[in-house]
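The values are calculated or read from the model by the stated rules, or taken from the named source; none is laboratory data. Quick caveat, the model's predicted, so the values are computed rather than measured. Quick note on the areas: whole protein, heavy atoms, side chains included, nothing else; ligands and nucleic acids left out. Shrake-Rupley method; radii C 1.70, N 1.55, O 1.52, S 1.80 Å.
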Amino acid sequence: MLGGRQGKPVPDTRISVAVHAADPLGRAGVISHLRQQPSVELVDRLGGAEAGGDDTEQVAVMLVDRLDDVAGAELRRLVRCGEQRVVLIASELREPELMAVVEYGVQAILWRHQATPQKLLHAVHSAARGEGELPPDLINRLMTQLGQLRRSALDSSPGGSGTLVPTLGMAPREVDVVRLIAEGLDTKQISEKLAYSERTVKNVLHALMTRLQLQNRAHAVAYALREGYI
């Protein structure tokens, strides 16, 4: 459960959050929202003792208007540090930028105009749990783009066989879980739909992402689409 000003229970886990933004006013706004949350500890940087120690989850929040070359380089640096998960708040993302963000392994994406304090806190907690999230319209765009790439690959394949041979296999229940993620369901909804426990759903996803070296749920959806599973 998420904590906040609306009387919801506060989680036991404390999350260290560092905010990155070229826009000083935007950064100040994000910090102002997060400072009021008892489950969040704001820090200047992550990965050291000042980030709360080994028992504290670490999340980097990055605020951009567009993912230009400078912002892209900073985003890659944050993701590759490996000691924190990243929440990206963006004003817009073009199709190539969306694909790049997913491949980088960004855990959660929020539209800047939709980034209310509650949604921001939810994204931070989701990222800290390793679940992440995308706005529904971005999921649709990602699926459309990957579908186009898949069709192009089929058209250009020798003989135009119309089938794709997966490079690595996905078990049937992994496909079921990822298909429901692509439909926008969260862990609890997936567990109810498939009659699994939430722990089982998380274990299925963890095993899949570890085996295929996938960065997050969006990356798992992208892989399943690219390989023709969904």
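Taking a probe of 1.4 angstrom, what is the accessible area of Ile89 in Å², to the nearest 10?
Rounded to the nearest 10, the figure is 0 Å².
Show His219, His20, His113, His206 ordered by accessible area, largest first, where the area counts protein heavy atoms only and the probe is 1.4 Å. Before the final figure, lay out the partial values.
Values: His219 15, His20 40, His113 145, His206 125 Å².
The ordering from most to least exposed comes out as His113, His206, His20, His219.
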